[in-house]
1. Does the chain come out rounded, prolate or oblate, given a ≥ b ≥ c as the square roots of the eigenvalues of its C-alpha gyration tensor, rounded meaning a/c under 1.5 and, failing that, prolate meaning a/b above b/c?
2. Only helical DSSP H runs with n ≥ 4 go in: add -39500 (n - 2.57) per run for the chain, normalise by residue count and round the 222 nm mean residue ellipticity to 500 deg cm²/dmol.
3. What cysteines in the chain have no other cysteine with a beta carbon less than 4.7 Å from their beta carbon?
4. By how many nm would the segment from Leu52 to Arg15 lengthen if fully extended, with 0.36 nm per residue of separation less the alpha-carbon distance?
5. Mind checking the chain for chymotrypsin sites (Phe, Trp or Tyr not before Pro) that DSSP puts in a loop (not H, G, I, E or B) and that have at most 11 other Cβ atoms within 10 Å?
6. Specify which residue in the list Cys18, Ser34, Ala56 is farthest towards the positive end of the charge dipole of the chain, using unit charges on the beta carbon of Lys, Arg (+1) and Asp, Glu (-1), about the Cα centre.
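Nothing in this text is a laboratory measurement; each read-out follows from the coordinates by a stated rule. Keep in mind that this is a model prediction, so the values were computed, not measured. Backbone-built Cβ (ideal geometry, glycine too); neighbour counts: all protein chains shown.
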Amino acid sequence: MACPMCEKDSEAKYRPFCSKRCADLDLGKWLSGSYAIPSAAQDEDEELAEALEEQARKPH
């Protein structure tokens, strides 16, 4: 199995990675949001945010 970061052969100790460095690089991508899955409901989120802002502007 090849390392998903650099394509070298993986090491059992770090599987599926070849080294701690590649494992840490992958973890960094997860933590920074690089692997985030885009939401299909983005338009709905924007509509909801606009509705909430409009409601907050109305006098109570």
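1. prolate
2. For the chain, the value works out to -15500 deg cm²/dmol.
3. So far as the 4.7 Å Cβ criterion goes, Cys6, Cys22 stand without a partner in the chain.
4. 8.7 nm
5. Filter output for the chain: Tyr35.
6. The listed residue farthest towards the positive side: Cys18.
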